[in-house]
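Contents: one structure, followed by commentary.
Rule-based calculations on the coordinates, nothing more; no lab input. The structure displayed is predicted, hence computed values, not measured ones. As a convention, Cβ positions derive from the backbone with ideal geometry for all residues, glycine included, and neighbour counts pool all protein chains shown.
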Amino acid sequence: MNIDKLYSLVESLSHCHTPEEIEKVCLKFCQLCELEFFLFAVCNATSLSAPKIFTLTNYPSEWLDVYYKNNFQKSDAVVRYCFGNSVPITWNKLMKIDEYSEPNAVKVMNEAHSKGLIDGLSVPIKAPTGEIAILSLTTKIEPDVQQRLANVLPFVQYFGYSLLETHLKMNLGKSPSASLTPREKESLFWACEGKTAWEMSQIMSVAERTAIFHLSSATKKLGAANRQHAVAKAVMYGLIKPQP
């Protein structure tokens, strides 16, 4: 791995303003790693039951058609692993873990193999604002595949976090949480702590009706149905965090 070229690619991400520009950088990163395919997916925490998924990939179209037609995402061991873990893993190692190698998951992996994705590695990436991302790099060339993947794994992890940061900055302002004022965030914090409107007013040094106004405004901006829903969304977006 040429470290100077890696740093140059990461630097170029800061100048990307469109998904197409990010995709070009990802393709160059694949070349640097001497791997053929990549997938970058971000799950935006807008809803637990129907999250929005952003995807960039150069996977073979034949594989993508089969994947989505058969709803393989529901059985995909890579997806399940990355949503529940934070350590990068190769697909070969993943399929040796009983929890992720049930028949349906094995079927998905075998189908991927038949479509030219011989093996790969995947990096789970968690954003402080609640997004969950996956960066996978895969290859169609079998010789020395495990060693080749192991050689680039730490660099893929570094690139993945830079990639997610670029994606988040590119979408800054599109999140419903972006327009919240400091007071609205503070009211959500104390609501999460179980404080009443009167207690919040005392802590925030404002009138009770003002505390209610801030919380109601935050609830509306988050598209929440009520106070409890607003708090749940605030936690999901990473707006509420323990104080240092």
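Taking a sphere under 13 Å around the Cβ of Lys93 and counting the other residues whose Cβ falls inside, with K and R at +1 and D and E at -1, yields a net charge of -2. Looking at [x] 14.4; [y] 15.3; [z] 12.8, which value of mean projected area of the Cα convex hull in nm² comes from a calculation on the structure shown? Calculated mean projected area of the Cα convex hull in nm²: the matching label is [y]. Measuring nothing but how far apart in sequence close Cα pairs (under 8 Å, 6+ apart) lie, relative to its length, segment 139-222 scores a relative contact order of 26 percent.
Inter-part distance, segment 188-207 to segment 208-228, computed on C-alpha centroids, equals 12 Å. Summarising the overall dimensions of segment 182-236 from its C-alpha atoms, the Rg and Dmax are 9.8, 28 angstrom. For the chain, averaging the sequence separation of C-alpha pairs within contact (under 8 Å, six or more residues apart) and dividing by the residue count gives a relative contact order of 17 percent. If we count every other residue with Cβ under 11 angstrom of Lys115's Cβ, Lys/Arg +1 and Asp/Glu -1, where does the sum land? Counting the neighbours of Lys115, the net charge comes to -2.
Candidates Val78, Cys16, Gln146 compared by Cα position along the dipole of segment 3-170: farthest toward the positive end lies Val78, with charges placed on Cβ. Among Ile240, Ile203, the ranking by other beta carbons within 10 Å of each residue's beta carbon, starting with the fewest, stands as Ile203, Ile240.
Report, in debye and to the nearest 20, how large the dipole of the chain comes out about its Cα centre when Lys and Arg carry +1 and Asp and Glu carry -1 on their Cβ.
The calculated dipole for the chain is roughly 820 debye.
Coupling constants for segment 24-35 follow from the phi torsions by the Karplus curve (6.51 cos²θ - 1.76 cosθ + 1.60, θ = phi - 60°), and in residue order they are 4, 5, 4, 5, 5, 5, 4, 4, 5, 7, 6, 10 Hz; glycine and proline get x. Across segment 133-148, coupling constants 3J(HN,Hα) worked out from phi with the 6.51/-1.76/1.60 Karplus curve, θ = phi - 60°, read 10, 10, 10, 10, 10, 9, 9, 9, 9, 7, x, 6, 4, 5, 5, 5 Hz, and Gly and Pro carry x.
For the pairs Lys169/Lys220; Lys52/Lys140; Lys24/Lys93; Lys126/Lys221; Lys52/Lys220, note any where the Cα-Cα span goes beyond 27 Å. Kindly include the intermediate steps, with their values, before the conclusion.
Details: Lys169/Lys220 24 Å; Lys52/Lys140 29 Å; Lys24/Lys93 29 Å; Lys126/Lys221 24 Å; Lys52/Lys220 20 Å.
In this structure, Lys52/Lys140; Lys24/Lys93 lie more than 27 Å apart at Cα.
What is the sum of charges, Lys and Arg at +1 and Asp and Glu at -1, for the other residues whose Cβ falls under 11 Å from the Cβ of Ala218? Once all neighbours under 11 Å are counted, the net charge is +4.
The C-alpha atoms of the chain define a longest principal axis, and helix 182-192 lies at about 90 degrees to it. By the count of neighbouring beta-carbon atoms within 10 Å, fewest first, Ser101, Ser162, Ser75 end up ordered Ser101, Ser75, Ser162.
Using the Cβ-Cβ distance between Ile3 and Ala232 with R0 = 35 Å, the FRET efficiency computed as 1/(1 + (r/R0)^6) comes to roughly 0.25. Annotation for Ile118 and Glu199: the two label points, set 7 Å from Cα along the Cα-Cβ direction, are 6.1 nm apart.
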